[in-house]
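Here is the structure we will look at.
Derivation of every value follows stated rules applied to the coordinates shown; laboratory data play no part. Being a predicted model, the structure only gives us computed values, none of them experimental. Don't worry about glycine lacking a Cβ; one is built from the backbone with ideal geometry, like all the others, and counts go over all protein chains shown.
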Amino acid sequence: MSDPIPGQFPGNGQPPEAAPGAAQGQQLIINAQYIKDLSFENPRAPQSLMQQAAPPSVEINIDVKAQSIGPDAYEVVLTLKASANVQNETLFLVELSYGAIATVRNVPPQLMPQVVLVETPRLMFPFARNIIAETTRDGGFPPLMINPVDFAELLRRNQAAGGADTIPSADTV
């Protein structure tokens with residue numbers, strides 16, 4: 001049997017175990033991702049699917065919430081809400097709450113909001129974006145492609161608006 005190639009894991013697919021007492025690096029592991037809630041409304045169908053006289057205005061709102069669910073484990077929920085309107089008439093409404101279970105290890109407490117509320121949703125976003133695009137397409141509209149989001153700026157805005165920069169623990173929620 002040959003030695004593993006650098007960068008590859010041993011035969012069990014897991015990273016090699018560190019020697020006891022060795023310093024561990026910071027870790028962010030996404031254990032699972034899932035649709036927590038998905039809603040699509042097309043209130044004016046079939047009229048909304050006909051050629052529109054003017055381009056729709058689209059409003060998108062994004063929010064991130066997190067809570068501790070155990071030692072080193074967090075549930076992070078990325079909520080995306082979008083609505084399209086033409087001349088004060090709603091074409092569609094779509095809302096997605098997309099969750100992830102993340103394990104965070106060896107991160108100093110002052111960096112925890114950055115890891116849980118910025119890095120975790122950054123990793124989740126492409127999957128949530130795809131769900132929104134497919135849902136609007138399946139609803140009869142062109143796919144809604146949401147531009148990338150600066151989650152660090154979203155966290156700064158929430159902190160400036162008086163939002164907490166801490167993550168609620170499982171026993172406080």
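Among 122-134, 57-69, what's the highest-first ranking by average C-beta atoms within 10 angstrom per residue?
On the way: 122-134: 17.0, 57-69: 15.5.
Final packing ranking: 122-134, 57-69.
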Which is farthest toward the positive dipole end of the range 27-160 among GLN27, GLN51, LEU91, measuring Cα position about the Cα centre, with Cβ charges +1 (Lys, Arg) and -1 (Asp, Glu)?
GLN27
Fully extended, how many nm does the chain gain between ASN130 and ILE69 (0.36 nm per residue separation, minus their Cα-Cα distance)?
19.3 nm
Order of LEU93, LEU117, LEU111 - criterion: other Cβ atoms within 10 Å of each residue's Cβ, fewest first
LEU111, LEU93, LEU117
Inter-site label distance for ARG122 and ILE30 at 7 Å from Cα along Cβ, in nm:
1.3 nm
